[in-house]
Amino acid sequence: MLARQRTLVIGLNILGLLLIGRPAGGQVELQISSAHDLVPQHLLGLVHAPEVHRELQLSRQQIDGLEKLFGQLDGYWFRARNLPTAERRRKVAIVERAVLIWFENHATPEQRERLAQLEMQAQSMRILLRPDLADKLSMTPEQIERMTGLALATKNIQQRLRTAIEQNQPTGSLQVEVADTVKAEQDGLQTVMEPKQLEILSELLGKPFDTSQLKRIYPMAPELVPVQHWLNSPGLTLKNLRGKVIVVHFYAFECENCHANFAHYRNWHRKYGEDVVILGIQTPETEAERQVEAVTRAAREQNLEFPILVDLYSANWKAWGNTMWPTVYVIDRNGYLRHWWQGELNWKGATGDEAIEQLIAELREE
């Protein structure tokens, strides 16, 4: 069989935020064409969060309209996570623009102003690298250059830390460096900016809002592409499974790394019953994995009794922008992605299974 990459898994969490912006494989390219390229793109995560809906005082009709828009745009946003930095930012900006146009047409001026304030707060110190903010604050070229240098230092050391984690190298000294550079960038607000500029900035930001506590900041899960063959179940759709927590895992039956996760899937299927749906998507890499009979036989031998979509032509793999066997996704009762994990859940002592079980418990209570 063809070799699969054994990789240190990366679990995704909260808004610190939108790791939706990570390219495949964890590599962050530092191709910076302007200071603005260092400003994080958090708008999409914000408008997906129920806490933000409440802060904006969106009506039920507005929320329903937003969710209809998400159904059209979120797949595009989600698949962009695997693109090189410049292309990813361009595509995310296109989706952000579509969302802003929706708000122009369906929200009040007060709602739009508050959303702009929340976006700036989520971007933290990096808002000082936004050309529109720099103009409003009358920042000098020297101030912009200093803040850009601090942001680049933070970005570079964070990338070094990510690389060390993925290569299973010691990280103690790097973690200290990250903390120091982040603090230096935060202190830049006081050391670089003038008091009058800080006063104007405070007015622009509005009432403080803690974006770090937002939980639902990822896209709606892409709908399943219909296929001819299912195992252990008639054909399913995520729409019809609304109201249930769903664990989707992409696997291939000849993949040894996938086998390492099977025990967890079996356990979850038996432990949670009908309230949590464990859904496998068998996507082939080898010729044997393209044979329905072989897929069926392997599932029986491994006691995989949950629903399995047999994705012979990789249509769902492409729709989800998946890049690795295995990958596990957790979807909440409303159809939103809340977490995903690439690789073996327990690779080199990782505790991906525990993180997912904890999240499942939380989602069942929501």
Inset, instruction - Please give the number of the condition L161 fails out of (1) surrounded by 15 or more Cβ atoms within 10 Å (Cβ to Cβ); (2) at pLDDT 95 or above. - result: (2)
Inset, instruction - Could you tell me whether the stretch 212-230 includes any residue that is part of a helix (DSSP H, G or I) and not hydrophobic (A, V, I, L, M, F, W, C)? - result: yes
Legend entry - Qualifying residues in the stretch 309-364 (those that are within 14 Å of C258 (Cα to Cα) and among the aliphatic types (A, V, I, L, M)) - the one surrounded by the fewest Cβ atoms within 10 Å (Cβ to Cβ): M324
Inset, instruction - Can you confirm whether the stretch 287-299 contains a residue that is more than 19 Å from A361 (Cα to Cα), in a helix (DSSP H, G or I) and of a type in the set (S, T, N, Q)? - result: yes
Inset, instruction - State yes or no: is L30 of a type in the set (A, V, I, L, M), modelled with pLDDT under 95 and not in a helix (DSSP H, G or I)? - result: yes
Inset, instruction - Please specify each residue of the stretch 124-146 satisfying the condition of being at positive phi and assigned to a helix (DSSP H, G or I). - result: S124
Inset, instruction - Scan the stretch 213-245 residue by residue and report those that are within 18 Å of G273 (Cβ to Cβ) and either touching a Leu at 6+ places or on another chain (Cβ under 6 Å) or among the basic types (K, R) (or both). - result: R242, K244, V245
Inset, instruction - Scan the stretch 314-366 residue by residue and report those that are among the aromatic types (F, W, Y) and either closer than 23 Å to T237 by Cβ or at pLDDT below 95 (or both). - result: W317, W320, Y329, Y336, W340, W347
Inset, instruction - Show the residue pairs that are 6+ apart or on different chains and have beta-carbon atoms under 8 Å apart, the first residue being within the stretch 265-293 and touching a residue at least 24 places away in the same chain (Cβ under 8 Å), the second being among the polar types (S, T, N, Q) and surrounded by fewer than 15 Cβ atoms within 10 Å (Cβ to Cβ). - result: R266/N303
Inset, instruction - Answer yes if at least one residue in the stretch 39-52 is in a helix (DSSP H, G or I) and free of Cβ contacts under 8 Å to residues at least 12 places away in the same chain, and no otherwise. - result: no
Inset, instruction - Using the structure shown, decide if E287 is buried (at least 21 other Cβ atoms within 10 Å of the Cβ), over 24 Å from K244 (Cα atoms), among the acidic types (D, E) and in the same structural domain as R242 (by TED's automatic domain parsing). - result: no
Inset, instruction - Collect the residues in the stretch 222-246 that are under 11 Å from F306 (Cα atoms) and either without any contact (Cβ under 8 Å) to a residue 60 or more places away in the chain or among the hydrophobic types (A, V, I, L, M, F, W, C) (or both), keeping them in residue-number order. - result: W230, L231
Inset, instruction - Might you check whether a residue that is under 26 Å from the mean Cα position of the chain (by Cα), crowded, with 16+ Cβ neighbours inside 10 Å and not in a helix (DSSP H, G or I) occurs anywhere in the stretch 257-275? - result: no
Inset, instruction - Please tell me if A184 is assigned by TED's automatic domain parsing to the domain that holds F70, aliphatic (A, V, I, L, M) and surrounded by fewer than 16 Cβ atoms within 10 Å (Cβ to Cβ). - result: yes
Inset, instruction - With respect to L2, determine if the residue is surrounded by 14 or more Cβ atoms within 10 Å (Cβ to Cβ) and either over 21 Å from T154 (Cα atoms) or modelled with pLDDT under 95 (or both). - result: no
Legend entry - Members of the stretch 105-123 found to be of a type outside the set (V, I, T) and outside any helix (DSSP H, G or I), listed by number: A107
Legend entry - Enumeration of residues in the stretch 138-150 that are over 32 Å from the mean Cα position of the chain (by Cα) and either within 16 Å of I200 (Cβ to Cβ) or surrounded by 17 or more Cβ atoms within 10 Å (Cβ to Cβ) (or both): S138, M139, T140, Q143
Inset, instruction - Determine whether I63 is part of a helix (DSSP H, G or I) and more than 30 Å from E366 (Cα to Cα). - result: no
Legend entry - Residue match in the stretch 73-93 (condition: aromatic (F, W, Y), touching a strand residue (DSSP E or B) at 6+ places or on another chain (Cβ under 7 Å), buried (at least 18 other Cβ atoms within 10 Å of the Cβ) and in a helix (DSSP H, G or I)): no
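The values are calculated or read from the model by the stated rules, or taken from the named source; none is laboratory data. All of these numbers come straight from a predicted model, not from anything done at the bench. Here Cβ is always computed from backbone atoms with ideal geometry, including for glycine, and neighbour counts include all displayed protein chains.
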